[in-house]
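All remarks here apply to the structure that follows.
Values in this text are rule-based calculations from the coordinates and carry no lab data. Just so we're clear, the structure is a prediction, and the values are computed from it rather than from any experiment. Cβ atoms come from the backbone with ideal geometry, glycine included; neighbour counts cover every protein chain shown.
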Ligand code: SF4
């Protein structure tokens with residue numbers, strides 16, 4: 001593919017299944033594209049004389065509400081299912097503990113049924129969630145234990161403000177690197193709603209629950225059509241605040 005992101009020509013090679021494909025099968029493509037976008041965004045802030053302050057061992061942002069797509073939830077569930085027994089039990093225990101804390105705080109219902117049609121509810125819900133200080137079940141010694149397979153939204157989150165500010169984030173104290181395209185939110189839009197399978201985001205912390213209670217729908221589009229839709233959404237968003245042309 002030959003595309004332009006923020007005016008910069010980018011050449012990417014992708015492998016796409018020709019036949020019917022689930023969005024999940026295209027996650028490696030979405031991850032690669034996200035990494036390319038993040039690289040461009042990083043170069044841009046460096047040109048402005050800033051630098052990325054995120055570093056290994058700082059997991060403050062891993063206590064935030066992370067929105068993921070249903071495809072990513074199924075992917076994470078599969079990842080956990082493939083872990084060695086002991087590790088799997090530990091991770092599942094962390095997910096279950098987090099669920100209990102959310103229930104006790106009265107946030108579980110809202111997280112199970114957020115307004116998926118818009119990001120409207122995300123901010124106040126995100127603040128209440130962060131207030132609980134629940135670490136992501138994949139966070140180990142303040143580092144991501146699934147770094148290579150981490151969700152798209154995690155890849156897109158980088159800051160240039162002092163790392164310690166992330167422990168008490170405010171709009172003024174934390175400066176996120178602006179992404180010229182948000183592949184994570186486009187991925188959430190690519191899933192078509194169907195009975196028992198709502199489109200839109202869901203919280204990472206409920207990924208295993210979600211995958212357990214929502215069977216994966218059969219593929220309903222071919223790989224190339226999904227890719228076309230992906231770039232059409234990205235280009236549409238670029239007309240408002242981003243820059244992606246295909
Ligand atoms: S998946 Fe990894 S990067 Fe994302 S919130 Fe969890 S620990 Fe942090």
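Distance between the pseudo-spin-label points of residue 46 and residue 216 (7 Å out from Cα toward the beta carbon): 3.6 nm. With kT/(6 pi eta Rh) evaluated at 25 °C and eta = 0.890 mPa s, and Rh the Kirkwood radius from Cα pairs, region 1-97 diffuses with a coefficient of 145 µm²/s according to Stokes-Einstein.
What ranking of 86, 155 emerges when the number of other C-beta atoms within 10 Å of each C-beta is taken as an exposure proxy, fewest first?
Numbers: 86 8, 155 18.
So the residues, fewest neighbours to most, are 86, 155.
Computed over the chain with a Gaussian network model linking Cα atoms closer than 10 Å, the most mobile of 56, 182, 236 is 56.
Shown for 27, 15, 226: other C-beta atoms within 10 Å of each C-beta, ranked fewest to most, produce the order 15, 27, 226. Roughly speaking, what % of Cα-Cα pairs in the chain are separated by over 23 Å, rounded to a whole number? In whole percent, the long-distance tail amounts to 52.
Sum -39500 (n - 2.57) across every DSSP H segment of at least 4 residues in the chain, then divide by the residue count to get the 222 nm mean residue ellipticity, nearest 500.
-13500 deg cm²/dmol
Among 141, 90, sorting on how many other beta-carbon atoms sit within 10 Å of each Cβ, with the fewest leading, yields 141, 90.
Please compute the contact order of the chain in relative form: average sequence separation of alpha-carbon pairs under 8 Å and at least six residues apart, divided by the residue count, as a percent. Mind dumping the intermediate values first?
Details: 316 pairs, mean separation 92.6, N = 246.
So the answer I get is 38 percent.
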